[in-house]
Amino acid sequence: MKFDRAYLEKIEEETLATYAVHASRSKGRKYPENEPLYRTCFQRDRDRVLHTTSFRRLEYKTQVFINYEGDYYRTRLTHTLEVAQIGRTIARAMGANEDLVETICMAHDLGHPPFGHSGETTLNQLMEGYGGFNHNHQSYRIVTELEHRYAQFPGLNLSWEVLEGIVKHETEYDKTDALDYDPHLRGHLEAQITNVADELAYTAHDLDDGLRSGMITTDMLSEIDLWNMVMERLNIHSRQLDDLTRHSIIRELIGLEVDSMISESNERLQRSGVKTLADLQSHAQNVVGFDDVMRARNRELKDFLYKNMYRHYRVVRMQKKAERILSELFHAYVSEPNMLPIHFQDQLEIKGKEKTICDYLAGMTDRFAVDEYQKLFDPSLLP
């Protein structure tokens with residue numbers, strides 16, 4: 001038996017849901033290419049994302065804690081990998097295209113600037129009057145324009161469905177901008193799964209990092225329903241958590257939420273009468289999501305994290321440092337663009353000064369931005 005692309009596509013036709021995206025029915029790429037012999041189009045897309053410079057840089061970009069605050073806290077890269085793992089699990093259970101989900105998950109945060117959401121807020125303020133800044137749109141620009149890896153086309157030339165999933169990525173912290181990708185239609189099943197996987201991952205893993213850091217204690221969580229449900233299921237009564245117990249709690253929390261979400265989503269699909277991809281995308285509401293009770297419990301945990309972790313004085317102090325670093329770098333480059341690397345200077349007339357500088361800053365890692373700041377403003381250091 002030959003396990004080539006045709007065989008893989010045949011397996012999809014036999015095993016995926018009728019309303020899932022099938023690789024053999026992809027709308028294709030902007031620049032036509034011959035597809036590989038032993039990979040589907042979405043498997044190739046995943047591999048292209050994996051090999052980008054932007055993907056590697058995520059290792060040194062903030063999730064909540066700045067990279068140098070500790071080696072064991074999540075980075076934007078580990079968050080991305082965890083989103084992909086949760087996304088694959090959900091996709092498998094719902095008959096969705098696992099390769100497509102994984103690809104969108106791996107690409108969804110490529111456009112994040114240094115210092116997490118505070119970096120994004122700062123760049124958006126600095127770019128007021130010049131189009132603003134949104135990391136979702138920056139992710140799209142990276143895969144369609146900014147990555148230079150192929151002589152035949154700009155960007156990565158990803159499949160239409162992957163790009164649709166990127167521009168329709170939407171969570172509490174991410175706003176969708178569907179551009180030319182059927183903005184009147186909902187995201188396909190795989191895009192909706194990515195959205196939920198992202199929220200699931202950052203809520204559970206930010207809680208894990210908060211507990212590890214000591215910013216959050218078990219006493220503080222005593223009124224949170226989801227926390228109490230997990231503790232009861234595991235029969236844990238101690239207020240002191242060792243590492244193994246903490247890991248088991250976070251694992252149970254993720255499993256609880258994933259199972260609940262899959263059950264509710266499958267019930268929605270059954271009630272909706274959705275049979276095809278077109279049915280799903282024109283449906284009145286997203287089919288992937290929590291029931292009202294679990295949504296309220298998840299909301300309670302998110303509000304807790306916002307108050308007690310994201311607004312913790314240690315995090316806020318670093319956010320203010322990040323704002324200062326990016327703002328002063330931006331204004332320094334605006335006042336003297338010749339301080340930019342040569343290949344960015346070459347783009348000034350094409351994209352404009354502010355847009356070019358914004359792209360340069362957005363591509364920086366946390367530590368590179370700090371080093372650059374010191375080189376420009378510390379006279380004791382060589383430029």
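Odds and ends about this structure:
- Taking a ≥ b ≥ c as the square roots of the eigenvalues of the Cα gyration tensor, an a/c ratio of 1.5 or more together with a/b no larger than b/c marks region 267-355 as oblate.
- Within the chain, longest stretch clear of exposed trypsin sites (Lys or Arg not before Pro) (DSSP loop, no more than 16 other Cβ within 10 Å): 31-148
- Over all distinct Cα-Cα pairs of region 82-199, the Kirkwood formula returns a hydrodynamic radius of 14.7 Å.
- A simple rule links phi to the HN-Hα coupling: the Karplus curve 6.51 cos²θ - 1.76 cosθ + 1.60 with θ = phi - 60°, which for region 292-305 gives 4, 5, 5, 4, 5, 5, 5, 4, 4, 5, 4, 4, 4, 5 Hz, with x for Gly and Pro.
- Share of pairwise Cα separations in the chain, more than 26 Å, in percent: 55 percent
- Approximate spin-label separation K27-K321, in nm, with each point projected 7 Å along Cα-to-Cβ: 4.5 nm
- Dipole magnitude for the chain: computed about the Cα centre from +1 point charges on Lys and Arg Cβ and -1 point charges on Asp and Glu Cβ, it is near 320 debye.
- Pairs over the 30 Å Cα-Cα cut-off, from the set K321/K355; K10/K168; K10/K275; K321/K351; K307/K351: K307/K351.
- Calculated from backbone phi, Karplus (6.51, -1.76, 1.60) coupling profile of region 3-18 in Hz, x at Gly/Pro: 8, 9, 4, 4, 5, 4, 5, 5, 4, 4, 4, 7, 10, 7, 5, 5
- Scoring 202-210, 77-85 by mean Cβ neighbours within 10 Å over their residues and listing the highest first yields 202-210, 77-85.
- Model label points for Q285 and R299, set 7 angstrom from Cα along the Cα-to-Cβ axis, are 1.2 nm apart.
- 3J(HN,Hα) along region 352-367, derived from phi through the Karplus expression 6.51 cos²θ - 1.76 cosθ + 1.60 where θ = phi - 60°, amounts to x, 5, 5, 5, 5, 5, 4, 4, 5, 5, 5, x, 5, 7, 4, 5 Hz, with x in place of Gly and Pro.
- Shape call, region 24-103: gyration tensor on alpha carbons, a/c limit 1.5: oblate
- Working note: 222 nm ellipticity from helices only, DSSP H runs with n ≥ 4, each -39,500 (n - 2.57), summed and divided by the residues of the chain, gives -17500 deg cm²/dmol to the nearest 500.
- Fewest neighbouring Cβ atoms within 10 Å first, the residues H117, H343, H112 line up as H343, H117, H112.
- Here Y140, Y150 are placed in order of increasing Cβ neighbour count within 10 Å, fewest first, which gives Y150, Y140.
- Student exercise, region 228-383 dipole from Lys, Arg, Asp, Glu Cβ charges, in Debye to nearest 20: 460 debye
Each value in this text was obtained by applying a stated rule to the coordinates, not by laboratory testing. Model, not experiment: these values are computed from the prediction. For neighbour counting, all protein chains shown are included, and Cβ atoms are generated from backbone atoms with ideal geometry for every residue, glycine included.
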